[in-house]
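Here is the structure we will look at.
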Amino acid sequence: MNGLLAVNQGSVRPPVFIVMEYNNGPQGQKPIVLVGKGITFDTGGISIKPAANMAEMKGDMHGSASVIGAMVAIANLGVKRNVVALVPSTENMPSGSAIVPGDIITYANGKTAEVDNTGAEGRLILADALIYAERYKPEAVIDLATLTGAVVIALGNTTSGLMGNDDGVKSRLKAAGERTYERVCELPLYEEYED
């Protein structure tokens, strides 16, 4: 959990990694894994955000709240599926011990990430959860996160951005969003955007 530990370095509060397993499907059924970004307060770290609207940064845990809420609903409804929830959670605070641009994080799968901006903490902690998710050999992984204000600029506050590599899962999520009035709009993942 080196991404989670790195982002947490500037905080006096310890990080947590929440794992919730709901097994009510047939034995051997591949689970759906829900991953939720749980930044309980995001100052931006050393790459500190402007003071205006800083109080709203306690909302950077919407992904985790949605995932935990979904697990409560799944259990209360007695859904006949195997579902796992993974929530990496911490604050992103500036201090003398905080990560700084240029730091290198080595993940459990051996991949490394160089920190360019400490305000991009979400992808650092979500990488840990996505690596952890692999142990479940899931049918699908659905990651809920507030990752960038640019999506809000593009889509506003009434639609969530959707990105993925499985057309079937994306179609099911779009249909569910229409039924529940939690609409999603697909954003491109074209190879040209990789850099």
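Brief remarks on what is shown
- Chymotrypsin sites (Phe, Trp or Tyr not before Pro) lying in DSSP loop within the stretch 1-88, provided at most 16 other Cβ fall within 10 Å: none
- Dipole of the chain, positive end: most advanced residue of Asn117, Phe41, Val19 [Cβ charges, Cα centre]: Val19
- Accessible surface of the chain [probe 1.4 Å, protein heavy atoms]: carbon and sulfur percent: 55
- Selected from Ile32, Ile125, Ile153 as most flexible by GNM, with the chain as the system and alpha-carbon contacts under 10 Å: Ile153
- Longest site-free stretch - the chain; sites: trypsin sites (Lys or Arg not before Pro), DSSP loop, at most 10 other Cβ within 10 Å: 112-195
- Pair Tyr136, Leu187: separation of 7 Å Cα→Cβ label points (nm): 2.3
- In the context of the full set of protein chains, residues of the chain present 59 Å² of accessible surface per residue (probe radius 1.4 Å, heavy atoms only).
- Between helix 62-77 and the chain there is an angle of about 20 degrees, using the helix long axis and the longest principal axis of the Cα atoms.
- D_trans [Stokes-Einstein, Kirkwood Rh over alpha-carbon pairs] for the stretch 1-140, 37 °C, 0.692 mPa s, µm² s⁻¹: 208
- 3J(HN,Hα) couplings calculated from phi for the stretch 34-41 with the Karplus curve 6.51 cos²θ - 1.76 cosθ + 1.60 (θ = phi - 60°) are, in sequence order, 9, 10, x, 6, x, 7, 6, 7 Hz; Gly and Pro show x.
- Principal-axis tilt of helix 167-180 within the chain, Cα atoms, nearest 10 degrees: 90
- Residue list for the stretch 122-161, given a label point 7 angstrom along the Cα-to-Cβ vector of Thr112 and an amide N cut-off under 20 Å: 123-128, 131
- Square roots of five times the Cα gyration tensor eigenvalues for the stretch 64-195, Å: 27, 20, 16
- Each residue of the stretch 185-195 is assigned a 3J(HN,Hα), and the resulting list reads 10, 6, 10, x, 10, 4, 4, 4, 8, 4, 5 Hz, derived from the Karplus form 6.51 cos²θ - 1.76 cosθ + 1.60 (θ = phi - 60°), x at Gly and Pro.
- Taking the DSSP bridge list for the chain and keeping only pairs wholly inside it, about 40 percent are antiparallel.
The values are calculated or read from the model by the stated rules, or taken from the named source; none is laboratory data. In this text, all values refer to a predicted model and were calculated from it rather than measured experimentally. Cβ coordinates were reconstructed from backbone atoms using ideal geometry, including for glycine residues, and neighbour counts include every protein chain displayed. For the accessible areas, the whole protein counts, side chains as well, though only heavy atoms, and no ligand, DNA or RNA atoms are used. Shrake-Rupley method; radii C 1.70, N 1.55, O 1.52, S 1.80 Å.
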